[in-house]
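The structure under discussion appears below in the form of structure tokens.
The values are calculated or read from the model by the stated rules, or taken from the named source; none is laboratory data. Bear in mind the structure is a predicted one, so any value in this text is a computation, not a measurement. Here the Cβ is made from the backbone with ideal geometry for all residues, glycine too, and neighbour counts use every protein chain on show. Heads up: the accessible areas ignore ligands, DNA and RNA and are worked out on the full protein's heavy atoms, side chains in. Shrake-Rupley method; radii C 1.70, N 1.55, O 1.52, S 1.80 Å.
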Amino acid sequence: MQAQVTGIGAYVPERRMSNDEIATIVDTSDEWIRSHTGIGSRHIAADDEAASDLGARAAERALTDAGISALDVDMILLATSTPDYPGLPSTACIVQDRIGAENAAAMDLVAACSGFVYGLETARAYVESGLAKTVLLIGSEVYSRIVNWKDRSTCVLFGDGAGAAVIQAQESTGTGIRASYLRSRGSDAKSLYRPAGGSRTPLADGDTTDERSFLYMDGRRVYNFAVSVLVEIITTLLEREQLTIDDIDYIVPHQANIRILDAAARRGGIPKDKFFTNLEEFANTSAASIPIALDQMKRSGLISSGSTIMTIGFGSGLTFGGNLITL
Ligand code: UT7
């Protein structure tokens with residue numbers, strides 16, 4: 001049995017915040033953000049929208065795309081760093097109830113911006129071992145709730161959104177999730193993290209506006225890490241499957257910064273047009289960025305049955321990895 005991606009869906013909040021609007025909040029400009037990141041806007045969740053709300057809508061669209069019912073799902077994996085509640089219950093359980101997936105186990109997966117890539121490999125393990133027939137993988141993020149809106153070096157980079165995929169067991173036909181490469185580098189955990197609010201440094205007296213509970217990032221360090229691991233992931237996966245870059249229709253990278261992708265393309269000698277990007281509209285939606293991209297690509301006809309793609313994630317942990325998939 002081979003794990004096949006049989007459905008894709010996405011949902012982003014309606015509200016779109018332009019760079020000019022962000023410039024009314026922090027000392028920045030459309031020119032700086034575009035030239036340093038390629039980002040032009042981001043979608044922002046409504047006050048009453050949390051990760052489960054976005055995730056449930058993306059999930060329903062993915063189930064429809066796969067042509068199956070929520071009752072067919074054995075396992076829900078939800079990748080997020082911005083759960084509805086800190087730690088418990090899992091956001092996956094809230095989605096399970098919302099969509100009526102009565103036969104499914106449900107759990108969250110924390111690998112930050114690599115969450116969807118880690119999730120695809122986890123889903124594949126369940127499906128190919130026979131432990132599950134149908135896995136619903138969701139990436140859902142509401143970073144607007146955890147960024148420091150007084151820190152211009154981070155708040156301009158992120159957006160909210162969700163994407164989902166259905167992974168099912170099917171007879172092998174040379175398609176499916178063919179190979180994955182997952183790695184971590186915990187020694188750099190503090191280059192992208194939330195210093196307070198966990199068991200290491202609990203918030204005192206319910207202080208929810210403590211600056212240390214917001215996201216902190218050493219941008220330069222993460223940038224250098226991202227460029228080097230992108231090349232490592234591409235090279236490793238191509239070698240494992242004995243392919244060349246010409247065999248890949250699209251690389252679908254985590255949408256963090258266009259300069260990271262340009263630098264990796266230069267360093268790896270990879271044509272820039274192999275990389276699909278949509279960060280101009282959506283900015284960095286962490287674990288949701290790859291499925292949002294896949295959904296857009298599928299709906300616009302860029303990918304279809306038989307397309308070979310490589311997904312690439314990198315982010316807090318630090319974590320990184322990729323999947324080689326023939327649809
Ligand atoms: O999912 C993974 C998530 N992480 C990432 O994608 C982050 C990777 N890192 C990056 O993308 C880049 O490092 C950034 C976009 C975060 C920063 O770009 P940079 O070219 O490395 O800028 P910098 O941090 O070296 O800052 C250059 C200048 C500084 O001013 P001074 O000290 O030179 O006067 C910053 O204060 O740019 C200033 N700056 C800004 N100016 C206007 C930083 N953020 C802004 C801003 N608007 N939003």
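Odds and ends about this structure:
- Percent of alpha-carbon pairs separated by more than 33 Å within the chain: 20 percent
- Check: the chain dipole with +1 on Lys, Arg Cβ and -1 on Asp, Glu Cβ, in debye: 860 debye
- Here the simple spin-label model places points 7 Å from the Cα toward Cβ, and for residue 305 and residue 35 these points are separated by 4.9 nm.
- For the stretch 2-173, Kirkwood radius (reciprocal of mean inverse C-alpha pair distance, Å): 16.7 Å
- For the stretch 200-327, the Kirkwood radius over C-alpha pairs fed into Stokes-Einstein at 4 °C and 1.567 mPa s yields D = 81 µm² per second.
- Candidate lysines - alpha carbon under 22 Å from residue 298, same-chain residues fewer than 8 apart omitted: 272, 274
- Exposure here means at most 13 other Cβ atoms within 10 Å; with GluC sites (Glu not before Pro) in a DSSP loop as sites, the longest stretch of the chain lacking them is 172-327.
- Given their separation in residues at 0.36 nm each and the Cα-Cα distance between them, residue 190 and residue 129 gain 18.4 nm when the chain is fully extended.
- At least 30 Å along the helix axis (C-alpha) and Kyte average at least 0.5, DSSP helices within the chain: 219-240
- Share of carbon and sulfur in the accessible heavy-atom surface of the chain [1.4 Å probe, %]: 47 percent
- Of the three principal axes defined by the Cα atoms of the stretch 123-247, the extents in descending order read 56, 33, 25 Å.
- If you run the Gaussian network model on the chain, springs between alpha carbon atoms under 10 Å, then out of 154, 24, 91 the most flexible one is 24.
- Proximal aspartates and glutamates relative to residue 190, as straight alpha-carbon distance under 16 Å, when same-chain residues fewer than 8 apart are discounted: 211, 218
- Summed over qualifying helices (DSSP H, 4 residues or more, each -39500 (n - 2.57)) and divided by its residue number, the chain shows a 222 nm mean residue ellipticity of -9500 deg cm²/dmol.
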